[in-house]
């Protein structure tokens, strides 16, 4: 029974996330936790790392405390796995296009691709979603928060 838990995907991924959380805490603890103005650069990463570790340990603990039910392992969902891989590649593409095209256009392209090709919605829906999402980000960050988003060769 315990051997099966060690091979459980949730336990393995939770252990990896807990290790990442420990790394985040160790790195962020070298930064100022507070400054004269308020929270410093280490404030959010430390609490984020603590949250990662706590939730990971909670997941591992729940796996050990839950009674084991012997069942066949679920078959691999290749369609879902491929959609996840394509989504990650789309994020990488968006990051690569960020410098030449700017945030607004690269984010709009990411939204369009995800809605049209990953979720399989009509192109019109994808276009409206991409345009509204990019405009929303632009309005919130540029106007409401006065934070400039990365601009590309086209100036936005």
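The table below lists the values:
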quantity: Residue list for segment 118-141, filter: outside any helix (DSSP H, G or I) and modelled with pLDDT under 95; calculated: 119, 120
quantity: Given (1) modelled with pLDDT under 95; (2) more than 24 Å from residue 151 (Cα to Cα); (3) part of a helix (DSSP H, G or I), number of the condition residue 73 does not satisfy; calculated: (3)
quantity: Residue check, residue 115 free of Cβ contacts under 8 Å to residues at least 60 places away in the same chain, in contact with a helix residue (DSSP H, G or I) (Cβ under 9 Å, 6 or more places away or on another chain) and outside any helix (DSSP H, G or I); calculated: no
quantity: Set 139, 110, 123: member being farther than 30 Å from residue 26 by Cα, surrounded by fewer than 12 Cβ atoms within 10 Å (Cβ to Cβ) and touching a helix residue (DSSP H, G or I) at 6+ places or on another chain (Cβ under 6 Å); calculated: 123
quantity: Given (1) in a helix (DSSP H, G or I); (2) surrounded by 11 or more Cβ atoms within 10 Å (Cβ to Cβ); (3) at pLDDT below 95, index of the condition residue 85 fails; calculated: (2)
quantity: Count of segment 142-156 residues which are assigned to a loop (DSSP other than H, G, I, E, B) and either farther than 20 Å from residue 100 by Cβ or in contact with a helix residue (DSSP H, G or I) (Cβ under 8 Å, 6 or more places away or on another chain) (or both); calculated: 10
quantity: Selected residue (only one of 92, 128 is outside the structural domain of residue 8 (by TED's automatic domain parsing) and exposed (fewer than 11 other Cβ atoms within 10 Å of the Cβ)); calculated: 92
quantity: Residue 50 vs. criteria under 27 Å from residue 28 (Cα atoms) and in a helix (DSSP H, G or I); calculated: yes
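The values are calculated or read from the model by the stated rules, or taken from the named source; none is laboratory data. Values in this document were obtained by computation on a predicted structure and should not be read as measured data. For neighbour counting, all protein chains shown are included, and Cβ atoms are generated from backbone atoms with ideal geometry for every residue, glycine included.
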